[in-house]
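*Asks:* Submitted below is the structure of interest, expressed as structure tokens.
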Amino acid sequence: MHVIVVGAGIIGLATAWHLRRLGAVVTIIDPAPAQGASHAAAGMIAPAAEVVWGQTPLYPLMRSSGELYPGFTAEVASATGAELGLNSTGTLVCAGDRADLQTLRELRGAQSAAGFTTELISGSKARAVEPSLAPSIIGAVDIPDDWSVDPRRLSAALLSMTTETLVRETVTEVVRRGDTTIGVRLADGRSLEADQVVLSTGSASITGAPVLPVRQVWGDVLRLRAQAEHTPLLTRTIRGLVNGRAVYLVPRPDGEIVLGASSREDGRAATSAGAVHRLLQDGQRLVPGILDCDITEVTTRARPGSPDDLPFIGRADDGCVVSTGYFRHGILLAPLGGRLGAELALGISPDWLPDGALDSVSPHRFSEAAPVSNA
Ligand code: GLY
């Protein structure tokens, strides 16, 4: 079976990895592999901390993918010899004031109902494990099983296994014969055919591809580095609510700290000065020491958002599977999305999925019929 995967972000790369494990011959196509949302991502594997109201169908997906992560990263690390920056120290979700603490208390109810282990701890207990936390933190939710990974290292490791099968080109058209996808056309004029095409193209729209309601949600992210005498500034992911605004700080084993992220639907691809200002302002309310750090990078990328914040993973026609719209959860859901996309392409029944999960991510869920092609 020859499968073309369009898009080499974390989802396309994870899909290609699973396809190869299942014996498929894979061609993966992207003009700039791993340079989209995956390049900006902080890499939180945080199924519990990502629980927000009204997204019940998302919880089992996040939980299942979080459980797949240790095995997935162990296999990738052993196949490539790469160090993936996995941090299993856990996460503290901190409250800046009483109103934020009340919100965290209520959210904890939803996290517990979804089956996650969390503990509400005092501000002083939080500071005992993370001394860089601000004295003003009045409480925190301790989530030991919410980890993080370095998405750039993970993408690079997955990419290192695609060298012979990677085509650095833009796909200009998904080619169909009748109702069935048979391949793709490239910007350089070439056409490639395959038994199956998997579209992991984020928010990009391609002629002939199914039209899905995926929108761009821009995120600005800073990368910081503490002065040597203050390293490590943090040992675990610090998330928090500051005046109701969410902010997170994700430390890497090498001392880098990722501070994120804005969430803008203003159509501006350039970095927003206001967003950077707010991130630093909110971040320093949780960890004042970030203001002594160097800013090593500011990155702005678009997340591919769907109307219900669930991805689109499923068959579009006899020759095409879509796997996109992962919004905030591309890194967290990569093991699940990669495995599911690969199995659907190869006609394997994903009987390991939680009940109802396949329907919840159906690309047809916002339309009565199949997604419409824009051919
Ligand atoms: N996954 C976190 C974010 O998108 O900001």
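The values are calculated or read from the model by the stated rules, or taken from the named source; none is laboratory data. Predicted model only: the values in this text are computed from it and were never measured. Backbone-built Cβ (ideal geometry, glycine too); neighbour counts: all protein chains shown. Keep in mind that these areas ignore ligands, DNA and RNA; they rest on the heavy atoms of the full protein, side chains included. Shrake-Rupley method; radii C 1.70, N 1.55, O 1.52, S 1.80 Å.
Each row is one residue, and each column tells you yes or no for (1) under 25 Å from the mean Cα position of the chain (by Cα); (2) buried (at least 16 other Cβ atoms within 10 Å of the Cβ); (3) under 19 Å from Val250 (Cα atoms); (4) among the charged types (D, E, K, R).
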{"position": "His39", "(1), (2), (3), (4)": "yes, yes, yes, no"}
{"position": "Ala46", "(1), (2), (3), (4)": "yes, yes, yes, no"}
{"position": "Ser78", "(1), (2), (3), (4)": "yes, no, no, no"}
{"position": "Val93", "(1), (2), (3), (4)": "yes, yes, yes, no"}
{"position": "Arg108", "(1), (2), (3), (4)": "yes, yes, no, yes"}
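*Asks:* Might you let me know whether region 116-128 holds any residue that is under 24 Å from Ser360 (Cβ atoms), open to solvent by 60 Å² or more (accessible area, probe 1.4 Å) and modelled with pLDDT under 95? Show your work before the answer.
*Replies:* To start, the set of residues in region 116-128 that are under 24 Å from Ser360 (Cβ atoms) comprises 116-118.
If we keep only those that are open to solvent by 60 Å² or more (accessible area, probe 1.4 Å) as well, we get 117.
Imposing the further condition that a residue be modelled with pLDDT under 95 reduces the set to 117.
There is at least one residue in region 116-128 that is under 24 Å from Ser360 (Cβ atoms), open to solvent by 60 Å² or more (accessible area, probe 1.4 Å) and modelled with pLDDT under 95.
*Asks:* Which of the following residues is buried (at least 23 other Cβ atoms within 10 Å of the Cβ) and over 30 Å from His39 (Cβ atoms): Ile143, Ile137?
*Replies:* From the options Ile143, Ile137, the qualifying one is Ile137.
*Asks:* Working carefully through the options Ala334, Ala342, find the one that is under 15 Å from the mean Cα position of the chain (by Cα) and of a type outside the set (D, E, K, R).
*Replies:* Unique residue meeting the criteria: Ala334.
*Asks:* Which one is surrounded by the fewest Cβ atoms within 10 Å (Cβ to Cβ) among residues in region 201-250 that are part of a strand (DSSP E or B), of a type in the set (Gly, Ala, Ser) and under 17 Å from the mean Cα position of the chain (by Cα)? Don't jump to the end; show me each part of the working.
*Replies:* Going residue by residue through region 201-250, those that are part of a strand (DSSP E or B) are 207, 210, 215-225, 237-242, 245-250.
Then drop every residue that is not of a type in the set (Gly, Ala, Ser), which leaves 219, 240, 246.
If we keep only those that are under 17 Å from the mean Cα position of the chain (by Cα) too, we end up with 219, 246.
Numbers: Gly219: 21, Ala246: 15.
Ranking the qualifying residues of region 201-250, first place goes to Ala246.
*Asks:* A further question follows. Going through region 241-273 one residue at a time, which ones are at positive phi and modelled with pLDDT of 95 or more?
*Replies:* Within region 241-273, Gly267 is the sole residue that qualifies.
*Asks:* While we're on this one: Considering only region 6-62, how many residues are hydroxyl-bearing (Ser, Thr, Tyr) and in contact with a strand residue (DSSP E or B) (Cβ under 6 Å, 6 or more places away or on another chain)?
*Replies:* Here the count works out to 2.
*Asks:* So which residues in region 23-47 are near the ligand (Cβ under 10 Å from one of its atoms) and assigned to a loop (DSSP other than H, G, I, E, B), if there are any at all?
*Replies:* Across region 23-47, the qualifying residues are Ala41, Ala42, Gly43, Ala46.
*Asks:* Okay, next question. Out of everything in region 103-151 that is in a strand (DSSP E or B) and of a type in the set (Val, Ile, Thr), what residue ends up being nearest to Ile11 (Cα to Cα)?
*Replies:* Looking at residues that are in a strand (DSSP E or B) and of a type in the set (Val, Ile, Thr), I get Ile143.
*Asks:* If we only count strands (runs of 3 or more DSSP E) wholly inside region 257-375, which ones have 3 or more residues that are within 16 Å of the ligand (Cβ to nearest atom) and either open to solvent by less than 60 Å² (accessible area, probe 1.4 Å) or of a type in the set (Lys, Arg) (or both)? Before you say what the answer is, go through the steps one by one.
*Replies:* Working: elements: 294-305, 312-317, 320-324.
By residue number, 294-305.
*Asks:* In region 48-71, what residues are surrounded by 20 or more Cβ atoms within 10 Å (Cβ to Cβ), more than 12 Å from the ligand (Cβ to nearest atom) and outside any helix (DSSP H, G or I)?
*Replies:* Hits for region 48-71 are Ala48, Val51.
*Asks:* Okay, moving on. Between residues in region 163-181 that are under 11 Å from Gly208 (Cα atoms) and residues that are in a strand (DSSP E or B) and open to solvent by 40 Å² or more (accessible area, probe 1.4 Å), which pairs lie under 6 Å by C-beta distance while being six or more apart or on different chains?
*Replies:* Filtered contacts from region 163-181: Thr172/Arg185; Glu173/Arg185; Glu173/Thr207; Val175/Arg185.
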